[in-house]
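Engineer: Below is the structure I would like to discuss, written out as structure tokens.
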Amino acid sequence: MNILILGAGQLARMMSLAGAPLNLNVVAYDVGSKQIKHPLTGEVYSTSLEQAILNADAITAEFEHIPDDVLTLCCNSNKFYPGKAAIKTGGDRSLEKALLDKTNVTCAPYQLITEKAHLEHAVKTLGKPLVIKTCQAGYDGKGQWRLKSDSQIDEIWSQMADFIASGTQLSPHTIIAEKMIPFDREVSIIGARDKYGNVAIYPLTENEHTNGVLTLSIAGKNNHSVEAQANDAFTKIVNELNYVGVLAIEFFDVQGTLLVNEIAPRVHNSGHWTQQG
């Protein structure tokens, strides 16, 4: 079976390693260089993206920030999973929040921001401190601000305004302000849904970070109530998206109540333990 992965980073490499014993032949499309590569050796093939799509039995992605024209081309082949809507949602916090609201899955109180008045309103209605995040292009703690006092509003807004101005009519840039949650820990759940609607979920994982980057994941330390909340959220989200593939959801655990922090429509670094687990 031939698999094409959009993205040629560490997750494509790990999927290639996991697929080899299953007789899965994996190639990767490097979005930056627009080249088809071997995900392990880095060898560049002369194959075009169109030819790689034709050769593939299935196509997926290792990250969310895929150019729209590439996504459309892959989706038109009817081989791309988990689908364009899922990738777009995972790469845009405003779409992600809309999905959570629609499925009644709880997250931190928030407000979308496209002008300074929205930021000032968020300070008044959500209170301080605020966690402010770019809706697009942010990852591993990048594209984020912490607002703790009114004196920071002008300085933070000037940086936010630059990001908003860098968007285009076809690809606008927005920002979201969230109430800072005094959570006890971050946990994540990883599962899969097939095209027939069957769902399988790994145990909830507790995550520890260093400077905004995940450094340790521990599975199997959670009670039934917390696991049930995570499984319920996972099932609601994958069914709403008609999702096919592996999905990860990060949560804040607040005294036993889970709030969604982020959705990742792909394999995820907090699930690396499952390769040997």
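Engineer: Anything in the range 156-167 that is out of contact with any helix residue (DSSP H, G or I) (no Cβ under 9 Å at 6 or more places or on another chain) and over 16 Å from residue 94 (Cα atoms)? List them, or say none.
Structural biologist: If the condition is that a residue be out of contact with any helix residue (DSSP H, G or I) (no Cβ under 9 Å at 6 or more places or on another chain) and over 16 Å from residue 94 (Cα atoms), then 158, 159, 162, 165, 166 are the ones that fit.
Engineer: A further question follows. Which condition number does residue 224 fail, the rest of (1) free of Cβ contacts under 8 Å to residues at least 24 places away in the same chain; (2) touching an Asp or Glu at 6+ places or on another chain (Cβ under 7 Å) being met?
Structural biologist: Answer for residue 224: the failing condition is (2).
Engineer: Exactly one of (1) out of contact with any Cys (no Cβ under 8 Å at 6 or more places or on another chain); (2) touching a residue at least 40 places away in the same chain (Cβ under 8 Å); (3) part of a helix (DSSP H, G or I); (4) buried (at least 16 other Cβ atoms within 10 Å of the Cβ) is unmet by residue 102. Its number?
Structural biologist: The failed condition is (4).
Engineer: Here is a further query. Just name the residue that is surrounded by the most Cβ atoms within 10 Å (Cβ to Cβ) out of those in the range 57-70 that are under 16 Å from the mean Cα position of the chain (by Cα) and within 15 Å of residue 245 (Cβ to Cβ). Walk me through how you get there before you give the answer.
Structural biologist: So in the range 57-70, the residues under 16 Å from the mean Cα position of the chain (by Cα) come out as 60-67.
Imposing the further condition that a residue be within 15 Å of residue 245 (Cβ to Cβ) reduces the set to 60-64, 66.
Numbers: 60: 25, 61: 29, 62: 22, 63: 19, 64: 22, 66: 21.
Among those that are under 16 Å from the mean Cα position of the chain (by Cα) and within 15 Å of residue 245 (Cβ to Cβ), it is 61.
Engineer: Okay, next question. Exactly one of (1) acidic (Asp, Glu); (2) in a strand (DSSP E or B); (3) more than 25 Å from residue 14 (Cα to Cα) is unmet by residue 240. Its number?
Structural biologist: Against the list (1) acidic (Asp, Glu); (2) in a strand (DSSP E or B); (3) more than 25 Å from residue 14 (Cα to Cα), residue 240 comes up short only on (2).
Engineer: Residue 245 is checked against (1) on the phi < 0 side of the Ramachandran plot; (2) in contact with a strand residue (DSSP E or B) (Cβ under 8 Å, 6 or more places away or on another chain) and fails just one. What number does that condition carry?
Structural biologist: Residue 245 satisfies every listed condition except (1).
Read-outs: derived from the displayed coordinates by stated rules, not from any lab. Keep in mind that this is a model prediction, so the values were computed, not measured. Reconstructed Cβ throughout: ideal geometry from the backbone, glycine too, with neighbour counts over all protein chains shown.
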